Amino acid sequence: MRMIDFFDRGLRIAAGRPCLVSGEGTRTYREVGERSRRIANMLIADGFAPGAHAAVLSGNAVIAFEAILGILRADGVWAMANHRAGVMENAYLFDLLDIDTLFVAQEVADRVPVLRRECPRIRRFIALDGPVDGCDFELAERALDASEVPQRRAGLPDELAFLANTGGTTGRSKGVMLSNGNWQALVASLVASMPMKVPPVNCVAAPMTHAAGPLALASMALGGTVVVLPQFDPGAVLDAIERHKVTYMFLPPTAVYMLLDHPGVERRDLSSLEYISYAGAPMALERLKQAIRVLGPVMNASFGQTEAPMCVTAMPPHEHLGPDGELAHPGSCGRPNLLSIVEIMDDGGNILPSGERGEIVVRGPLVMKGYYKNPEATEEVSRFGWHHTGDIGIRDEDGWFYVVDRKKDMIISGGFNIYPAEVEDALLAHPAVAQCAVIGVPHQKWGEEVIAFVETRGDAEFDAAAVIAFAKERIGPIKAPKRVERVEALPRTNAGKISRAEVRKPFWEGAGRAI
């Protein structure tokens, strides 16, 4: 099956059901199917070849989802594009990924001149939602023919379906090739780990250019309704849950914290929720317990990455709490899904026993085809016949996995291995700390010294010495930060994750080494 075949399954079983909902109104599956056919026929008439690559540069919007479906229906390869990235980063990725056709939203219209100059291989610029200077034409002008679109490719499992890109936190972004088979494995894994009682109502509040977008497309296979919010706003999310009876949504931990801190959240009717899937970064245990208490027993942990998307492991809501009401597996990202084999490996390629720390490695149909036009990087990440995630973890005797940290983020201070995520978890339990980033900085005696930068909650009083003492009580004096500094805002990646690399950079620029 191709990616578009999963949407068409939803169309067959729920033609009259709401498919895409936004502040501008509601479109049924029948209407979205027709609009995707118009876009596909427009692309084909314009010379878009089978297997050509196309991207949509837009924030969360109904028309952006329809353009993606049109690309897929025209037998194109959808390349995910982040409209919040810098224009030169986009230019680099579009050139790397051989983009043939680019849809551009009005909100990023100012980028077209630069992209035209830097990406001469883009054959066609199409204005997505209204006039955009520098585009070849507007989508509405050409998308007229709603006739059936011929299927021009067989949809083989190994055939390229879509292109994603790595976040760039370990160097220049790389293109990740994901096949029809990868997509089938993703949809099957999601359905197996999160069975829905009713057709899902999926609220897309996190950027659709990352996990939230593919997860919304996957829910369409079940005839689910996708509620599209232009951006994450806690009040708007709570309103959408109540109004549309939202059953499922994906949120990174930072967004969950903002939801929990929103005034009046405990008085909202959130009874329709079945799952809030959280991933992308560890979630502070105290905040996780708060989420279960306030939002309900709906928290669904998962672990994955662009190269093995979203649900290599999972811990569904009913496995979060033990009979005593406490967290049953605190800090765990779950157990392997039905279609993934997951192990812990040392640097020599040896599988480690339970309880020992090593790199998390994966086999199975979720694992990417490879990095686009980068066989060397593909070979490096596929050593010993396993996909290497770059994450340090452990597996307990019952098969639960725990992510300790990114391999590159480990701090070595006085000969001790210190993992920033563990220190951050301790700091986030402090009532004054809203977000934090822990890094190692050069130290003449210890090699590296642990320091922390924190964002505080609201008007909470901040006492650095008290925060350090608080951490020492929880993780001991070796791991506790030696210095804590308050900042207005921590730097974040395009995916919304706190960027330790950016926090670390000023301290290492003159050190002649990076660790």
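When T26 is evaluated against the numbered criteria (1) assigned to a helix (DSSP H, G or I); (2) over 21 Å from the mean Cα position of the chain (by Cα), which criterion, by number, is the only one it fails?
Going through (1) assigned to a helix (DSSP H, G or I); (2) over 21 Å from the mean Cα position of the chain (by Cα) one by one, T26 breaks only (1).
Given the structure, is S173 within 18 Å of G370 (Cβ to Cβ) and in contact with a Leu (Cβ under 8 Å, 6 or more places away or on another chain)? Steps first, please.
Numbers: within 18 Å of G370 (Cβ to Cβ): yes; in contact with a Leu (Cβ under 8 Å, 6 or more places away or on another chain): yes.
Yes: the conditions hold for S173.
Count, please, the residues in the range 344-359 that happen to be in a strand (DSSP E or B) and touching a Phe, Trp or Tyr at 6+ places or on another chain (Cβ under 7 Å).
The initial filter retains those residues of the range 344-359 that are in a strand (DSSP E or B), namely 344-345, 351, 358-359.
Subsequent filtering for residues that are touching a Phe, Trp or Tyr at 6+ places or on another chain (Cβ under 7 Å) retains 345.
The total comes to 1.
Being crowded, with 21+ Cβ neighbours inside 10 Å and touching a residue at least 12 places away in the same chain (Cβ under 8 Å): is that true of E307 here?
Numbers: crowded, with 21+ Cβ neighbours inside 10 Å: yes; touching a residue at least 12 places away in the same chain (Cβ under 8 Å): yes.
Taking the combined requirement at face value, the residue satisfies it.
Could you list, in sequence order, the residues of the range 221-240 that are touching a residue at least 40 places away in the same chain (Cβ under 8 Å) and out of contact with any Cys (no Cβ under 7 Å at 6 or more places or on another chain)? Please lay out each step first, then the result.
Restricting attention to the range 221-240, the residues satisfying the condition of being touching a residue at least 40 places away in the same chain (Cβ under 8 Å) are 221-231.
Across the range 221-240, the qualifying residues are A221, L222, G223, G224, V228, P230, Q231.
Hey, K408 hits all of (1) among the basic types (K, R); (2) closer than 27 Å to D347 by Cα; (3) without any contact (Cβ under 8 Å) to a residue 40 or more places away in the chain; (4) in contact with a strand residue (DSSP E or B) (Cβ under 9 Å, 6 or more places away or on another chain) but one; which does it fall short on?
Of (1) among the basic types (K, R); (2) closer than 27 Å to D347 by Cα; (3) without any contact (Cβ under 8 Å) to a residue 40 or more places away in the chain; (4) in contact with a strand residue (DSSP E or B) (Cβ under 9 Å, 6 or more places away or on another chain), only one is false for K408: (3).
Go over the candidates L139, L128 one by one and state the one that is within 26 Å of the chain's Cα centre (by Cα) and either at pLDDT below 95 or not aromatic (F, W, Y) (or both). Talk me through it step by step, then tell me what you get.
Working: L139 fails: within 26 Å of the chain's Cα centre (by Cα).
None of the other options fit; the residue is L128.
Residue-by-condition table, conditions (1) basic (K, R); (2) farther than 26 Å from E89 by Cβ; (3) outside any helix (DSSP H, G or I):
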{"position": "R117", "(1), (2), (3)": "yes, no, no"}
{"position": "P120", "(1), (2), (3)": "no, no, yes"}
{"position": "F125", "(1), (2), (3)": "no, no, yes"}
{"position": "V132", "(1), (2), (3)": "no, no, yes"}
{"position": "R152", "(1), (2), (3)": "yes, yes, yes"}
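List pairs: first in the range 141-154 and closer than 17 Å to V32 by Cβ, second surrounded by 13 or more Cβ atoms within 10 Å (Cβ to Cβ) and of a type in the set (D, E), Cβ under 9 Å, 6+ apart or cross-chain?
A146/E34; V149/D75
Counting only residues that are among the β-branched types (V, I, T) and touching a strand residue (DSSP E or B) at 6+ places or on another chain (Cβ under 6 Å), which one in the range 123-166 is farthest from P50 (Cα to Cα)? Give the derivation first.
First, the residues of the range 123-166 that are among the β-branched types (V, I, T): 126, 132, 149, 166.
Okay, now just the ones that are also touching a strand residue (DSSP E or B) at 6+ places or on another chain (Cβ under 6 Å), so 126, 132.
On the way: I126: 18, V132: 27 Å.
Applying the filter and picking the extreme gives V132.
Residue pairs, Cβ under 7 Å, 6 or more apart or interchain, first in the range 439-465 and loosely packed, with under 14 Cβ neighbours inside 10 Å, second not β-branched (V, I, T). List them.
Note: pairs meeting the criteria are A460/P431; A460/A432; E461/A432.
Using beta carbons and a limit of 9 Å, which pairs, at least six apart or on different chains, have the first residue in the range 75-95 and without any contact (Cβ under 8 Å) to a residue 40 or more places away in the chain and under 10 Å from H53 (Cα atoms) and the second one of a type in the set (A, V, I, L, M) and part of a helix (DSSP H, G or I)?
G76/A40; G76/L43; F94/L115
I'd like the full set of residues that are surrounded by 24 or more Cβ atoms within 10 Å (Cβ to Cβ) and in a strand (DSSP E or B), limited to the range 423-436.
Correct list: V433, C436.
Considering only residues that are crowded, with 19+ Cβ neighbours inside 10 Å and more than 25 Å from the chain's Cα centre (by Cα), which ones fall in the range 323-372?
none
The values are calculated or read from the model by the stated rules, or taken from the named source; none is laboratory data. Note that this is a predicted model, so its numbers are computed, not measured. So basically every Cβ, Gly included, is an ideal-geometry build from the backbone, and we count neighbours across all protein chains shown.
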